[in-house]
Each structure stands twice: as structure tokens, then as C-alpha cells.
């Protein structure tokens, strides 16, 4: 009977991870504002689905610049982020862009897998649920 009591009760570490899961829900939300690096591309998939892919460039804040070994600040850096638009509204809005607009994107981070010549590959991208043009190209 004592052995059963020990095996039926969760261990201390299991209980603490259960509390963490219930008190800290997972969140996968992304909000970006950046400029398009090129015109969006409409792709037709073998399944018949359509996706618009684009890439935005987001400046990093000055305080997050990397320091060189000598201690000087390097020049400002940027991040280039891939965006996939699956919904009809996001696709339509993305395709209205010429390629250098500033856009506001909201969505979720996704990891996409595919088979290539070298085997399975993957990439992270933002799946846009909302996309709006903040500033049109001049």
C-alpha cells in the first residue's frame, strides 16, 4: 500500500510544471512595422491554395546594437523577416503593394518544413493575420 501511494502521487517537479502551464498560458503573437524589401510574390501551391510571400526589413533600436571587441558601436543593423499571407484579405492587401511601402503586420510565428535536394529543411516566418500599409511608396 505504501508503494502505491508513492507512485500515484505526482512528484514535486511535475506539480510545479503543471502550475506553470496553468498560470502562464502560451502566447504566439507577433507585431512588426517595417518596409518591404521587394514586391510581394503570389505562389500557387500544388494543393490549389494560394499564398503571398513577402519580406520586410525592420530597423533594430540603437540601444541593441552589437559592440565590437574594441567597444565601439557598429553601424545600425536591421532584421529581415519573411511573411506569409494565407487569408484572402491579407493576400489582397499585400498584393496592392509595389515593393517599398512601410507595412504594419500582425500574426504568429510559424516554422515551415519542406523537402529539398539535401533533405528536410525548415524556416521560421510570420503568418500574417492582418496587414496594412502605413506609408505608400513615393
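The values are calculated or read from the model by the stated rules, or taken from the named source; none is laboratory data. All of these numbers come straight from a predicted model, not from anything done at the bench. Reconstructed Cβ throughout: ideal geometry from the backbone, glycine too, with neighbour counts over all protein chains shown.
Can you name every residue in the range 97-138 that is under 14 Å from residue 39 (Cα atoms) and in contact with a strand residue (DSSP E or B) (Cβ under 7 Å, 6 or more places away or on another chain)? Break it down into steps so the answer makes sense when it comes.
Taking the range 97-138 as the starting set, the residues that turn out to be under 14 Å from residue 39 (Cα atoms) are 97-103, 133, 136-137.
Passing the criteria: 97, 99, 100, 101, 102, 103, 133.
Quick check on the range 103-115. Is at least one of its residues modelled with pLDDT of 95 or more and touching a helix residue (DSSP H, G or I) at 6+ places or on another chain (Cβ under 6 Å)? Write out each step before concluding.
Step one: filter the range 103-115 for residues modelled with pLDDT of 95 or more, giving 103-111.
Okay, now just the ones that are also touching a helix residue (DSSP H, G or I) at 6+ places or on another chain (Cβ under 6 Å), so none.
No, every residue in the range 103-115 fails to be modelled with pLDDT of 95 or more and touching a helix residue (DSSP H, G or I) at 6+ places or on another chain (Cβ under 6 Å).
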Number of positions in the range 80-90 that are in a helix (DSSP H, G or I) and either crowded, with 19+ Cβ neighbours inside 10 Å or at pLDDT below 95 (or both): 1
Residues satisfying the stated conditions in the range 112-131, i.e. exposed (fewer than 11 other Cβ atoms within 10 Å of the Cβ), over 13 Å from the mean Cα position of the chain (by Cα) and either in contact (Cβ under 8 Å) with a residue 24 or more places away in the chain or not in a strand (DSSP E or B) (or both): 117, 118
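What about residue 77, is it surrounded by fewer than 10 Cβ atoms within 10 Å (Cβ to Cβ) and either at pLDDT 95 or above or farther than 16 Å from residue 125 by Cα (or both)?
On the way: surrounded by fewer than 10 Cβ atoms within 10 Å (Cβ to Cβ): no; either at pLDDT 95 or above or farther than 16 Å from residue 125 by Cα (or both): yes.
When the stated conditions are applied, residue 77 does not pass them.
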